[in-house]
Amino acid sequence: MSWGRSPTSETGSRGATRPPRPHGGSRSTATRARWWDDAMDGLRIRAAGPADLDAVLAFWKEAAEGTSISDDRAGIERLVARDPDTLILAERGAELVGTVIAGFDGWRCHLYRLAVHPDRRRQGIGSALLAAAEERFLALGGRRGDAMVLDDNERARQAWRAAGYAPEPQWSRWVKALAH
């Protein structure tokens, strides 16, 4: 991923080439300008690496709503090992200010753990993270993103609505814990 580098860079923070953009094109002028403006404001968007995982876990305890069975070092190590670009970070200087997991299974695009530091909310960080996730999905051939949102988290529901997402009332999430 190249979100933390120049607006037109095609290599990621670890030197890996990112998937080609849809239709082989580049970002639109409006998108390119937005990423440049984010960089000018000191916001850097990049993929998490193994050295970031402890900081991410600590960040989620402070900034994310609720906890998950997967919120442990082994869980996010597996996530990043399987897909090194799936965990996206937002930083200002050396400070971690936001995260989103943009998982793609080859068929569906799933968004998890969109979290922005409470002191940094309403500054466009969540929007920048979602734009990065959506760009990733499009580059991989994704057609629709879905987000898991706690029913009683009204702030999150408002944020997702503002980003253009809507609940699908015909669906319910069914789960079974596989770990004891």
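The numbers here are math on the coordinates, done by the rules we state, and not lab data. Bear in mind the structure is a predicted one, so any value in this text is a computation, not a measurement. Glycine gets a Cβ as well: all are built from the backbone with ideal geometry, and neighbour counts include every protein chain shown.
Values for this structure:
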quantity	calculated
√(5λ) per eigenvalue of the Cα gyration tensor, segment 37-99, largest first, Å	21, 14, 9
Whole-number Å³ per residue for the convex hull built on Cα positions in segment 60-133	104 Å³
Segment 74-180: C-alpha gyration tensor shape, a/c 1.5 cut-off, then a/b vs b/c	rounded
Difference of contour (0.36 nm per residue) and Cα-Cα distance, ARG143 to ALA74	21.8 nm
Centroid-to-centroid separation of segment 41-96 and segment 105-137 [C-alpha atoms, Å]	12 Å
Where labels lie 7 Å past Cα in the beta-carbon direction, separation of ARG82 and GLU154 in nm	3.5 nm
